[in-house]
There are 2 protein chains.
Amino acid sequence: MTLKPGTTRVGFIGTGVMGLSMAAHILRAGYPLRVYNRTPARAEPLLREGAEWRSSPGALAADADVVITMVGFPSDVEQVYFGEAGILASAKPGTYLIDMTTSTPSLAQRIHRTAKERHLHALDAPVSGGDVGAREGRLSIMVGGDEADFEAVLSVLQRMGTHIVRQGEAGAGQYTKMCNQIAIASNMIGVCEAIAYAKRAGLDPERVLQSITGGAAGSWSLSQLGPRIIKGDFAPGFYVKHFLKDIRIALSSAEELNLDLPGVRLAQRLYEAIASWGEEDSGTQALFKWYQRQWMAEVGVSSD
Amino acid sequence: MTLKPGTTRVGFIGTGVMGLSMAAHILRAGYPLRVYNRTPARAEPLLREGAEWRSSPGALAADADVVITMVGFPSDVEQVYFGEAGILASAKPGTYLIDMTTSTPSLAQRIHRTAKERHLHALDAPVSGGDVGAREGRLSIMVGGDEADFEAVLSVLQRMGTHIVRQGEAGAGQYTKMCNQIAIASNMIGVCEAIAYAKRAGLDPERVLQSITGGAAGSWSLSQLGPRIIKGDFAPGFYVKHFLKDIRIALSSAEELNLDLPGVRLAQRLYEAIASWGEEDSGTQALFKWYQRQWMAEVGVSSD
C-alpha cells in the first residue's frame, strides 16, 4: 500500500487550534479527508474546504486508510481508541492509526498492542512547535512504533512537519515529547527567577536580557518568553492547564521508571499554585506571577 | 584623562585561567601591564611577554592608572581591596578600579562607596563566556558604576569583550551576573532530567536531542553540555565548586531582596550533594550524576 494524495483516505479526529491547522495541510495536499470533533462547529472551516463529516470516531475509522488523532487529554485518547464506537473496534485491518496527542507512553504502548492484535498499525507521534509550527507545517514530530509503519506514513506526516524523527518502538514518541517538556519545566523556573531577581534588584530587565541571552544562560524560553514577561503579556502561547497535564504525565511516567525528577516536581508545585489563582488559561510564562506575588503581597496589593 | 595604550598603566590582579587570557589581550594591545597573583608562577607567561611583577595588590595599585581584579571568591575580593597592602589604601586619587570577579552586589557597592571617599573610580564588571570567551576576547561584560567611569574605561574593557553593557549603578554588574547564573541553575536541572529520563526510558539520547534542541526546549546548555553528558564527559568547562559559590551568592542576595527562589534552592541542594561525592572539580554538567546515581544504586554499582 502506498499512501498517496488522491487515493489515500485520511480521517482526522480533534480539530482544535493545532488539529485544525494540521488537518488543513493534509486536505490541501489532496488527500480525501474525513473529520470528527467533539464540538462539531470547530470542524466547519475544513468542511467548507471539502472535508467530509463523520458522526463518531468509529464511523470515521471504518472509512479511512489513515486515522490521525489530536485530542486533549490521555482520557480523551483512551475514549476515542477504546470507547464504544471507537477507532480500534471499527478500523479495517491494515489501517494506520497515528496518535499525535501528547499522552502517556504506557497508553501508546497499549494502543499499539491492541492494534497489532487486530492487524492495525499504530504509531505515537506527538509534536512540538506550537500553533505557529502547526499553521506553517513546520512541526517537530517525534514518532514511536514499527519502522515499516513509520516509513509507510512518512509522506503524510511530512505535510505537517519538517523535523520528523522515529525515536524507537511504540511509546518512544511520547517518551521523547516528555523529554522536551521536562527540559522546559525547569528552564521556565530559571527564566522567571532571573527576571524576578532583576526586577527586585532594580535593574532594567530588558537590558539584562541584552547581556545574558547570547551566552550560557541563553534559551528559547528566555529569548521568546522573557520579553513577554517583562511587558506583562501572559497570553497563551501554550496554556498553563496543558502544561500541567504534561507535567503530570512526566511525573507519573518517571515514577514507573523509578526515577525521581525534583525539578519537574518543583514545577508542578509552582504551576499548580498559579493555576489555583486562576491562571489555567494563561500562557506558561505566567509562572512569573508566582514570584511577582512575593512583592505584591509585601505592599498589600493582590496579584489576582 | 584618556586611557590609551602606550601611556595608560594597567595593573592586573588574578592570573588564573580567565585572568591570564584577559590580561594577555591588554598587554598585547600595548598597555604597560603590571601583574600580581597569589601564586606567582601562574603569572609567568605574562612576565615573559613583558609584563612587570608587583609584590602586593597595594604595590601594584600605587603604580597603575587602571587596576583590574579577577580573583576567586568574595573573600578574596575583600582581601585585595580592603586588606593590608590592599588596593584602596594604596591607589592614587583618580585611579580606576574594575572588579571582574563574580562577587556579591553588596561588596561591589561597599567598594564603590569607599573608593568614592578616596577619590577613586570603582566599577563592578563580571563576565560570562568562559575560558573560550576569555581566550578569544569575546566575553560578555556586565558593568555597574558611574556612567562617566564606564565611558572612561570602555576602551580597556573592549580588549577583553565584545558585548559590554552598563547595567546601572554600583552593584548592577554583579546583580546582572547573578541573573545569568540563576537562569543557568534551573536550566541545568532541566537538561539533566531530560537526558536521565531519556536514558531510563530506553531512548537513544542523541536522537532525542535531534528532536528537541531546535524548539521550545532548546538552550545553550542543552546543545553544548547535553552531548557531553551523553558521552560521559564531565570535564570542566565551568567548575561545580565555582558554580556553587555563585549559587550561594545568588541566594544570599535574593534573601536581602526578600525574594524566594526555589529553583536556585533546589540547584543548591543537588549541587551540594554531588560536591559531597567528590565532584567539586568536575564541570557543571556533572549534575547528571545526581540522577545517574538513582539507577546505579538500583543495580548495586557505586558511582564514585
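The values are calculated or read from the model by the stated rules, or taken from the named source; none is laboratory data. Everything numeric in this text was worked out from a predicted model, so none of it was measured. All Cβ positions, glycine included, derive from the backbone under ideal geometry; neighbour counts span all protein chains shown. All accessible areas refer to the heavy atoms of the entire protein, side chains included, with ligands and DNA or RNA removed. Shrake-Rupley method; radii C 1.70, N 1.55, O 1.52, S 1.80 Å.
Annotations
- Shortest-first distances to equivalent copies, position B:GLY50, nm, label 7 Å out along Cβ: 7.6
- 0 to 90° range, to nearest 10: angle between helix A:17-28 axis and chain A longest Cα axis: 40 degrees
- Axis of helix A:240-256 versus longest Cα principal axis of chain A: the two differ by about 80°, to the nearest ten degrees.
- Across peptide A:138-147, the average count of Cβ atoms from other chains found within 10 Å of a residue's Cβ is 2.
- Loop-exposed GluC sites (Glu not before Pro) per DSSP, neighbour cap 12 Cβ within 10 angstrom, longest uninterrupted part of chain A: A:85-304
- Overall form of chain B per C-alpha gyration tensor (a/c, 1.5; a/b vs b/c): prolate
- Sorted from closest to farthest, the other copies place their A:GLN79 label points 6.7 nm away, with each point set 7 Å from Cα along Cα→Cβ.
- Counting only protein chain heavy atoms and rolling a 1.4 Å probe, the accessible areas of A:SER106, B:SER75 rank, largest first, as B:SER75, A:SER106.
- All other residues whose Cβ lies under 14 angstrom from that of B:SER21 are scored, Lys and Arg at +1 and Asp and Glu at -1, for a net of +2.
- For A:LYS4, a cut-off of 21 angstrom between C-alpha atoms picks up these lysines, skipping any fewer than 8 places away in its own chain: A:LYS92.
- Mean residue ellipticity, 222 nm, helices only, chain A: the sum of -39500 (n - 2.57) across DSSP H runs of n ≥ 4, divided by residue count and rounded to 500, is -15000 deg cm²/dmol.
- Cα gyration tensor, region B:94-136 - rounded (a/c under 1.5), prolate or oblate: oblate
- Averaging 1/r over every pair of different alpha carbons in the protein assembly as shown and inverting the result gives a Kirkwood radius of 26.3 Å.
- For the rotational copy pair B/A, the chain B residue whose Cβ lies nearest the symmetry axis, together with its distance in Å, is B:SER219, 2.
- Cα gyration tensor category, rounded, prolate or oblate, for region A:10-168 with a/c compared to 1.5: rounded
- With K and R counted +1 and D and E -1, the other residues having a Cβ less than 11 Å from that of A:SER211 yield a net charge of +1.
- Cross-link partners for A:LYS177 among the aspartates and glutamates, with Cα-Cα distance under 17 Å and sequence neighbours closer than 8 places in the same chain left out: A:ASP99, A:ASP124, A:ASP131, A:GLU169, A:ASP246, A:GLU255, A:GLU256, B:GLU193, B:ASP204, B:GLU206.
- Taking every alpha-carbon pair under 8 Å whose residues sit at least 6 apart, chain A reaches a relative contact order of 13 percent.
- Using a 7 Å projection from Cα along Cα-to-Cβ, the label point at B:GLY214 is separated from the same position in the remaining copies by 2.5 nm, smallest value first.
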